[in-house]
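To start, the structure itself, in structure tokens.
The values are calculated or read from the model by the stated rules, or taken from the named source; none is laboratory data. All values derive from a computational prediction rather than experimental measurement. In this analysis, Cβ positions are derived from the backbone assuming ideal geometry, glycine residues included, and neighbour counts consider all displayed protein chains. Remember, those area values only see protein heavy atoms, side chains included, never the ligands or the DNA or RNA. Shrake-Rupley method; radii C 1.70, N 1.55, O 1.52, S 1.80 Å.
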Amino acid sequence: MTHLDGAGQGEFMNGRKVKPVAVSDEILARFRVVPVATVWAAVTNRLGVPISFMEGVRAFTPGARLAGRARTLRFLPPRLDLSSETRQGEDSPEYLAMARCGPGDVLVADVMGRKMAAVGGDVKLLQLHMNGAEGLVTDGAIRDLTVLEDEGYGLIVYAGSRTPYGGLPWAEPAEEGVDIQCGGALVRPGDVIVGDDDGAVVVPSWYAEECIAWVEETEGVESYVKDRIKAEGARPGKYYPPSDAMREEYRRSVSGQ
């Protein structure tokens, strides 16, 4: 059942409050040590979000785990009238979006899947480095990645490809701080982006705390199951996927009961 608030906007769905919330650094730290595959299972299989994995967006800084609050930037096809409205120097949408990014934040750019169009290179992305942001996620391209690495920008990067091009003639920054898509997944400002070498998943901000609790328990249950399989020399299908009874057995083992 859907409950509506006084303004007529959906606030509760299926017993969950679905309004955006500020996700704490403590929650982000917990996401950084769990696999993206289990996070995806929590968002898509358990919560029921059809597309939460960013398809075609891959890790360009392998081995680095990402968990950050999304600060969004939307690109559109270039046109003279749009350019006249948005090319405002340091107040253009790209720089305003990066200005929102600090520690615990990640710039997420919707480039409409144009894999030759760069979000930026070493000069533009210097702003993210100076602000201490976590990194950049885009379904477009990353430029000057070697420079970023050689000069120690420390940014975690997920992108559709590498390129020497800029954004033109395919795309230019148009709006910031708005709902976007990236790799086919909806991203709203403040959502949590979780990434490892498998790719990146979007967790709605209002689901983040519930999500990480379920993911942590699931990882514990699966470790418990693997120990049982190895101890018995059993086929994995005997215990996997874990049943509700196996989850309860795991909980008792953790609590010492």
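Please find, among 109, 133, the residue that is in a loop (DSSP other than H, G, I, E, B) and under 17 Å from the mean Cα position of the chain (by Cα). It is 133. Filtered by the rule that a residue be more than 19 Å from residue 104 (Cβ to Cβ) and assigned to a loop (DSSP other than H, G, I, E, B), the stretch 54-78 gives 54, 55, 56, 57, 60, 62, 63, 77, 78. Show the residue pairs meeting these rules: Cβ distance below 7 Å; 6+ apart or different chains; first residue within the stretch 113-124 and closer than 14 Å to residue 158 by Cβ and open to solvent by 70 Å² or more (accessible area, probe 1.4 Å); second residue part of a loop (DSSP other than H, G, I, E, B) and at pLDDT 95 or above. Listed pairs, sorted by first residue: 115/140; 115/160.
Flag: residue 191 matches the condition of being within 20 Å of residue 37 (Cα to Cα) and not aliphatic (A, V, I, L, M).
Here residue 186 passes the criteria (1) in a strand (DSSP E or B); (2) over 17 Å from residue 68 (Cβ atoms) except the one numbered (2).
Looking at residue 43, is it part of a strand (DSSP E or B), of a type in the set (Val, Ile, Thr) and surrounded by 19 or more Cβ atoms within 10 Å (Cβ to Cβ)? Answer is no for this residue.
Cβ-Cβ contacts under 8 Å between residues 6 or more apart (or on different chains), taken from a first residue in the stretch 148-169 that is among the hydroxyl-bearing types (Ser, Thr, Tyr) to a second residue that is open to solvent by 100 Å² or more (accessible area, probe 1.4 Å), are listed as 158/58. The condition of being more than 21 Å from residue 75 (Cβ to Cβ), more than 25 Å from the chain's Cα centre (by Cα), among the aromatic types (Phe, Trp, Tyr) and open to solvent by 70 Å² or more (accessible area, probe 1.4 Å) holds for only one of 240, 224, that being 240.
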